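Below is one structure, written out as C-alpha cells, with a few remarks after it.
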Protein chains: 2
Amino acid sequence: MNIDDAAARLEALGNPTRLKIYRTLVRAGEEGLPVGKLQQRLDVAASTLSHHIKALVTVGLITQTREGVTLHCRANYPLMRGLIDFMVEECCAEGTCAPGGPVKLPREAA
Amino acid sequence: MNIDDAAARLEALGNPTRLKIYRTLVRAGEEGLPVGKLQQRLDVAASTLSHHIKALVTVGLITQTREGVTLHCRANYPLMRGLIDFMVEECCAEGTCAPGGPVKLPREAA
DNA sequence: TCTATATTTCGATTATTCTAGAAATACCGT
DNA sequence: ACGGTATTTCTAGAATAATCGAAATATAGA
C-alpha cells in the first residue's frame, strides 16, 4: 500500500460516523449488514449514511453486494489488515507498535 | 482509547502531508527532527507545516520540545500503538487483521 | 540592545466536507 | 404495469479545512 492510499483510507476512517459504520460492520461479522439495519443502529439520515458508505466503498474498506431489494455491506478485512501493516511498518519504530508485541516505551506514554 | 479519540487521530493521519510528516519523524528515530528539517524534506510553506504539526500535536501523535532556537518534534510511539490496538480490537475480526498473524481471508482480497 | 534564525500566528482565499430533505432509481411481488 | 420497500442521487446551505504570504514572537549571541 502506498502512502497516498493509506492516507485516503485513514481519512475515510477518521470521521466518527464512518468509523462507527465500519466498526458496526465488523461486529456484525462475516455476513455484514444491509444499509437499512445500519441506519437503525446509527441513527443518521439515509442520505447521509449513503454518502458515508460510498466514501468507505470508494477506498475499498467495505464491499457491497445486492441481495434482492437490500444492499449488504461487509468490512473488507484484508484491506484493513493491509492498512494496519502499513502503519506498523511505516509509522512505527522497530516493532515497538506491533499489537501484542513488547511494550518498550521509547518515551513517556500518552 | 475511545472511538472519538481514535477517529480524531485517524483523521489527523488521513492527510497526505501530515502522514508524511509523521512517517518522516518515525524514520528520523528517537531524537526526531526540528521543524526546519521537516520543512526542507517535505517542501511545504512554513506556515502550512506549522499548521499541520499543530494538528498532530493536538491529538497527541507527536510531541515537541524546544531546544534553543529550534523546536524538536518526535513521534509518540505509545500513542500510535494504542491507535493500532484500537483498530485491531475494534475494527478487525477475531485476530484476522493482527500484523504478523495468520492470513485467513474472510472474503476476497482488495 | 541589536541582529539573525526559527517558528508561529494572523488574515484572507479557495476548496472540501457534512448534513439532510426531496426527488429519483432499483428491485421485487402481485 | 403497479405498488411498496430500499437505497441513491440531486441540490443546497453551513461548517470546516488547506494553503500561503506577511507580520509577529521567541531565543541566542555579539
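The values are calculated or read from the model by the stated rules, or taken from the named source; none is laboratory data. Fair warning: this is a prediction, and the values are worked out from it, not measured in the lab. Cβ coordinates were reconstructed from backbone atoms using ideal geometry, including for glycine residues, and neighbour counts include every protein chain displayed. Heavy atoms of the whole protein, side chains included, go into the accessibility calculation; ligands, DNA and RNA do not. Shrake-Rupley method; radii C 1.70, N 1.55, O 1.52, S 1.80 Å.
Side notes on the structure shown:
- Per-copy distances of the A:THR17 label point, shortest first, in nm (7 angstrom along Cα→Cβ): 2.6
- Relative contact order computed over chain A (Cα-Cα under 8 Å; 6+ residues apart), in percent: 25
- Estimated purely from DSSP H runs of n ≥ 4, each contributing -39500 (n - 2.57), the mean residue ellipticity at 222 nm for the protein assembly as shown is -17000 deg cm²/dmol once divided by its residues.
- Per-residue 3J(HN,Hα) values for segment B:50-61, derived from phi via the Karplus relation 6.51 cos²θ - 1.76 cosθ + 1.60 with θ = phi - 60°, read 4, 4, 5, 4, 4, 4, 6, 5, 4, 8, x, 6 Hz in sequence order (x marks Gly and Pro).
- With every protein chain in place, the protein assembly as shown: carbon and sulfur % of accessible area (1.4 Å): 48
- Per-residue average of Cβ from other chains inside 10 Å of B:14-27: 4
- Modelled this way, with points 7 Å down the Cα-to-C-beta line, the labels at A:ASP5 and B:GLN40 are 3.3 nm from one another.
- Histogram of C-alpha separations across chain B, 10 Å bin width, %: 13, 40, 28, 15, 4, 0
- Across peptide A:3-10, the average count of Cβ atoms from other chains found within 10 Å of a residue's Cβ is 5.
- Solvent exposure of chain A, expressed per residue, is 48 Å² of accessible area, with all protein chains present and a 1.4 angstrom probe.
- Cα-centred dipole magnitude for chain A, charges only on beta-carbon of K, R (+1) and D, E (-1), debye, nearest 20: 480
- With Cα atoms defining each centre, segment A:38-85 and segment B:34-91 are spaced 30 Å apart in the structure.
- Under 5 Å, built H, 5+ apart or other chain: amide partners of A:ILE62: A:VAL57, A:ASN76
- Net length gained if the chain between A:VAL57 and A:VAL69 were fully extended (0.36 nm per residue, minus Cα distance): 2.4 nm
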